[in-house]
Amino acid sequence: MDKQAPVNLQREWDRLLIDKFYGADTLKMYSLCMIFKRNFGITDDQFDELKRIPKLIGQRNVYARRFICAYLPKIADILWKHKHEEIETLADAMSKIKYDVDKVESDYDKINRDRNAITRSKKVSLAAALSKRESNKWHKLINLGKTWNVTK
């Protein structure tokens, strides 16, 4: 009976990943892991025995779809070809394979570049919005004396 439990846990983990891949992906991987461990009442050691779990910090700080596409590209290719309705079949098949995430964080630099680009873009947009507002105030102030209605 104990031999069956890890297979069921693996299937349930794979099912959750597939569900988040197709569905509304609003949780980062670290939250997904905590929820999974809490729902199934397993320890960190038991969770660490599973395949296709985030092992590095950069892998924990992304959404499930990004995790699968970046760290499990072979599975992502398969999932893009199927539909959400096939989740049970996909989970059964996925739980039987040994394919796992790489232990090397090859994508970590890209994540940092993307995060920095987003931050920089927000700052530039905010500065542009503020400068336009200030510019409009300044032009209105200067043009008060040059408007015929004001001079009249």
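Which of the residues that make up the stretch 72-91 are assigned to a helix (DSSP H, G or I) and either hydrophobic (A, V, I, L, M, F, W, C) or in contact with a helix residue (DSSP H, G or I) (Cβ under 7 Å, 6 or more places away or on another chain) (or both)?
At the first step, the residues of the stretch 72-91 found to be assigned to a helix (DSSP H, G or I) are 73-81, 84-91.
Listed by number, the residues that qualify are ILE75, ALA76, ILE78, LEU79, TRP80, HIS84, ILE87, LEU90, ALA91.
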Before we move on, is ASN61 in the same structural domain as GLU85 (by TED's automatic domain parsing), more than 17 Å from ASP92 (Cβ to Cβ) and not hydroxyl-bearing (Ser, Thr, Tyr)?
yes
Test for ILE35: is it out of contact with any helix residue (DSSP H, G or I) (no Cβ under 8 Å at 6 or more places or on another chain) and at pLDDT 90 or above:
yes
Need pairs with beta-carbon distance below 7 Å; first residue hydroxyl-bearing (Ser, Thr, Tyr) and within the stretch 42-53, second at pLDDT below 90 and assigned to a helix (DSSP H, G or I); sequence gap 6+ or separate chains.
none
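Conditions tested, residue by residue: (1) over 27 Å from ASP114 (Cα atoms); (2) hydrophobic (A, V, I, L, M, F, W, C); (3) without any contact (Cβ under 8 Å) to a residue 24 or more places away in the chain.
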{"residue": "TRP13", "(1), (2), (3)": "yes, yes, no"}
{"residue": "LYS28", "(1), (2), (3)": "no, no, no"}
{"residue": "LYS55", "(1), (2), (3)": "no, no, no"}
{"residue": "PRO73", "(1), (2), (3)": "no, no, yes"}
{"residue": "ASP92", "(1), (2), (3)": "yes, no, no"}
Picked from the stretch 97-126 (must be among the basic types (Lys, Arg) and assigned to a helix (DSSP H, G or I)), the residue modelled with the lowest pLDDT is LYS110
Failed criterion for ARG52 (all others in (1) more than 27 Å from ASP109 (Cβ to Cβ); (2) modelled with pLDDT of 90 or more; (3) of a type outside the set (Ser, Thr, Tyr); (4) surrounded by 12 or more Cβ atoms within 10 Å (Cβ to Cβ) hold):
(1)
Note on ALA24: of the conditions (1) more than 22 Å from TYR99 (Cβ to Cβ); (2) crowded, with 18+ Cβ neighbours inside 10 Å, unmet is (2)
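If a residue has to be in a helix (DSSP H, G or I) and of a type in the set (Val, Ile, Thr) to count, how many in the stretch 21-62 make the cut? Spell out how you get there, then give the answer.
Quick first cut of the stretch 21-62, residues in a helix (DSSP H, G or I) only: 21-22, 29-40, 44-48, 57-60.
Then drop every residue that is not of a type in the set (Val, Ile, Thr), which leaves 35, 57.
The total comes to 2.
The values are calculated or read from the model by the stated rules, or taken from the named source; none is laboratory data. All of these numbers come straight from a predicted model, not from anything done at the bench. Don't worry about glycine lacking a Cβ; one is built from the backbone with ideal geometry, like all the others, and counts go over all protein chains shown.
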